[in-house]
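Working notes, structure below.
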Amino acid sequence: MPDAPLTPVDVLVLGGGAAGLSAALSLGRSRRTVRVLDAGDPRNATSPHAHNLLTHDGTPPSALLAAGRDEVARYGVEVASARVVAARTVPAPGPAAEPAFEVTTTDDRTHRARRLVVATGMRDVLPDVPGLRERWGHDVLHCPYCHGWEVRDRRLAVLATGPRAVHAALLVRQLSADVTLLTHDAFAPDAEQRADLAARGVRVVPGRVASVQVEDDALTGLVPADGDVVPCDAVFVGTRAVLDDAVVDGLGLQTTALDFLGEDVGRAVAVDATGATSVPGVWAAGNVTGPQHALAASIAAGSLAGAHVNASLVTADVAAARAARVTTRP
C-alpha cells in the first residue's frame, strides 16, 4: 500500500546539522510549519568532540545534534531521516505567483514547501594517501582552531594540497615547536615562503607521501615514497569541498569558485548577507556556503536565514490576505 501523501509545509530545511536546525528553530518559534530532512551524515561525524563553541566546548557532535532535535521538536518542527535525491522549483502559474518547491527523497516520497533552506553542508575530499581517511577526525585534522589545543606541544605535520599549506603550517607552529610541512608534490614554496617557514623553525620535506604509519590505533608518522618516515602525532590537511549536486544543481543555485591563497578548493553556494540564494524562495546556510564555517558561524547563519525566510512568508501572507479582501468585497 503506497504511503499517504505528505502534507505541504511552509518550509523544508534540507540538512539537519547545526545550520539547518538553527534555521528550523527560528522558523518553529515563528509558528511556521517546518520539516527538516536529514541524511544523517554530518561533516564532523568522525570527530569525538566539538570545540571552539562557547558554552558547549568539548561536547560530542552527536550530543549537540540530539539536543538540537529536541529543542526544535518543542516548537512543532518535524525532523525526518531522509536523503534528498532531487529538488526542483515548481513552475508558477503567473509572474506574481508564490514560489513553490518539490523535493524527492530516497524512499520515493515527495515533499512540497513554499520556501527552502539548503543546509546540506559539504563533503571533504582528502588527498589520495592510503590510510589517511581512516584517521580523519582523530589525528588527521583540518582546522587548528577546532582541534589544535588537543594536540599542542606534540609532533605535528602539515600535508600540502597546494600553496595554502604554508599558511596552515605557520598557524600550526603556534601550537607546537615541532612542525613539519610535507609538500606532497602539490607545490614548491618560493623563496619568501621558505624564509617565513625557516624563521619559525618549520621543516620542509619535499616529495610525495605514500601512506600513514599507525601503531596501537594512533598515528605515528607519514611515510614518503622516497626517504625516511617523518614522525608525527597528528597531521593537518586541507580538503576539497564537494557539494550535494542533487540539491544545488537540481535547483539551479548559483555557485562560486573557492580560491584560498591561490589554491582551488572547490565551490560554494552564492548567498547574500541574509543567506538568500540566486533562486527566489531558497536560502542557504552553513558549510554549503563555504567550508570554513565552523559550528558557531553555521548556527548564526542558520538563525539569520530562518528569520529572513519567515519575513518573506509574512510579506506573501499579507499580499494574499489583501487580495482575498478585494475579491470578497461586495
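The values are calculated or read from the model by the stated rules, or taken from the named source; none is laboratory data. Computed from a predicted model, the values in this text were never measured in an experiment. Cβ atoms come from the backbone with ideal geometry, glycine included; neighbour counts cover every protein chain shown. Please note that ligands, DNA and RNA were not included when accessible areas were found on the heavy atoms of the full protein model with its side chains. Shrake-Rupley method; radii C 1.70, N 1.55, O 1.52, S 1.80 Å.
A few notes on this one:
- When Ala87 is tested against the conditions (1) under 18 Å from the mean Cα position of the chain (by Cα); (2) in contact (Cβ under 8 Å) with a residue 12 or more places away in the chain, the lone failure is (1).
- Checking every residue in the stretch 228-244 against the condition of being open to solvent by 30 Å² or more (accessible area, probe 1.4 Å) and of a type in the set (Ser, Thr, Tyr) gives zero matches.
- Each residue in the stretch 144-165 was checked for being open to solvent by less than 20 Å² (accessible area, probe 1.4 Å) and more than 17 Å from Thr220 (Cβ to Cβ), and 4 of them qualify.
- Residue that is surrounded by the most Cβ atoms within 10 Å (Cβ to Cβ) [pool: residues in the stretch 291-319 that are free of Cβ contacts under 8 Å to residues at least 24 places away in the same chain and of a type in the set (A, V, I, L, M, F, W, C)]: Ala297
- Test: Ala324 is farther than 30 Å from Gly207 by Cα, free of Cβ contacts under 8 Å to residues at least 60 places away in the same chain and among the hydrophobic types (A, V, I, L, M, F, W, C): yes
- Selection of the stretch 32-48 for residues being open to solvent by 40 Å² or more (accessible area, probe 1.4 Å) and in contact (Cβ under 8 Å) with a residue 12 or more places away in the chain yields Thr33, Ala39, Gly40, Pro42, Arg43, Asn44, Ala45, Thr46, Pro48.
- In the stretch 1-31, residue surrounded by the most Cβ atoms within 10 Å (Cβ to Cβ) [restricted to those that are polar (S, T, N, Q) and in contact with a helix residue (DSSP H, G or I) (Cβ under 9 Å, 6 or more places away or on another chain)]: Ser22
- Residue match in the stretch 39-53 (condition: under 18 Å from the mean Cα position of the chain (by Cα), in a helix (DSSP H, G or I) and hydroxyl-bearing (Ser, Thr, Tyr)): no
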